[in-house]
1. Of all alpha-carbon pairs in the range 102-174, indicate the percentage at a distance above 14 angstrom.
2. Testing the spin-label approximation: label points 7 Å from Cα along Cα→Cβ at Glu135 and Glu196. State their distance in nm.
3. Excluding Val169 itself, calculate the net charge of residues whose Cβ lies under 12 Å from the Cβ of Val169, where each Lys or Arg counts +1 and each Asp or Glu counts -1.
4. Near the amide H of Ala92, under 5 Å away, which other amide H atoms are found, from residues 5 or more places off or on another chain, if H is placed in the peptide plane?
5. What is the percent of Cα-Cα separations in the range 118-255 that go past 19 Å?
6. Quick one: Kirkwood hydrodynamic radius for the range 163-214, alpha-carbon pairs, angstrom, one decimal?
7. Compute the signed sum of charges (Lys and Arg +1, Asp and Glu -1) over the other residues within less than 14 Å, Cβ to Cβ, of Asp133.
8. Gain in length, Thr154 to Thr142, computed as 0.36 nm per residue apart minus the alpha-carbon separation, to one decimal in nm?
Amino acid sequence: MRRADIAMLASVAAAALMILGGAPAMAADNPIASADELAPSERAHAGGMAPDGRVWFVPMQRKEIALTFDDGPYPFYTPLLLHQLESDDAHATFFLVGRTMQEYPQLVERIVASGDEIGNHTFNHFTLPGLSDDEIEDQIATCGALIENYTGGTPTLFRPPHGHYDTRVVEIARRLGYRVILWSDAPDDAKADATEQPVSVIVERVVEHAKPGGIVLLHSGQYNTIVALPEIIADLRASGYSFVTVTQLLADQDQ
């Protein structure tokens with residue numbers, strides 16, 4: 001989809017947003033914080049991967065990159081996002097919220113049918129460090145069971161809501177068989193003050209910080225992210241990048 005098609009998408013989206021009454025509500029009462037909550041030293045973790053299962057990026061020479069989308073699935077937004085990925089022949093990883101999966105099972109089925117990947121983003125999208133160990137485990141395990149119902153396989157990728165975690169969260173996720181998937185590139189497309197990040201800023205930040213083996217944090221329920229996606233894909237593809245799931249990225253890491 002190129003600029004003329006983006007303009008058409010913008011008109012349709014604007015009309016639909018008026019009907020829907022704006023952007024989707026988050027799956028929890030807690031407001032979303034800035035997309036990048038990690039300390040700079042952690043974001044720049046020397047090898048991209050920690051022994052405890054945390055992953056910021058995957059060390060490799062080949063120009064592969066993983067687009068990841070948090071939250072949802074959402075009516076209107078998720079179908080548009082899937083359509084755009086399919087149009088551009090690009091795959092992505094969706095970190096879904098269990099409660100929203102229950103509300104929109106047909107959208108989960110569409111993600112699976114598209115060949116994209118589903119990761120665990122907890123059942124309620126609560127901020128995990130404030131919960132007890134049992135509550136953390138329940139949030140991850142309940143969402144994981146739902147994912148398995150749709151994919152037929154055991155999920156292994158987990159991203160904590162808001163990027164907030166502590167050693168307990170990492171250890172519990174690891175015990176349940178998950179890697180904690182963080183990110184190397186985040187354009188802050190879901191802003192805490194409810195104003196939309198301009199499309200040009202989203203594109204610029206993603207493209208500027210792209211790196212081989214990078215993991216890009218985006219959000220499913222953001223209209224401007226959908227509009228920015230064709231240009232992100234076109235610019236990175238012109239620079240030699242291919243778009244893979246996080247699981248594929250991990251499989252292709254340099255040895």
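Since every read-out is calculated from the coordinates, none of them should be taken as a lab result. Quick caveat: nothing in here was measured; it's all calculated off a predicted structure. Reconstructed Cβ throughout: ideal geometry from the backbone, glycine too, with neighbour counts over all protein chains shown.
1. Numbers: 1533 of 2628 pairs.
Tail of the P(r) past 14 Å holds 58 percent of the pairs.
2. 3.5
3. On the way: positive: Arg54, Arg159, Arg168, Arg174, Arg175; negative: Asp52, Asp133, Glu135, Glu137, Asp166, Glu171.
With Lys, Arg at +1 and Asp, Glu at -1, the neighbours total -1.
4. Amide H neighbours of Ala92: Glu117.
5. Details: 5422 of 9453 pairs.
I get 57 percent for the Cα pairs in the range 118-255 exceeding 19 Å.
6. Working: mean 1/r = 0.0748 Å⁻¹.
For the range 163-214, inverting the mean 1/r across all distinct Cα pairs yields 13.4 Å.
7. Working: positive: Arg168, Arg174, Arg175; negative: Asp134, Glu135, Glu137, Asp138, Asp166, Glu171.
Within the 14 Å Cβ shell, the charges total -3.
8. On the way: separation 12, 0.36 × 12 = 4.32 nm, distance 1.24 nm.
Fully extending the segment from Thr154 to Thr142 adds 3.1 nm.
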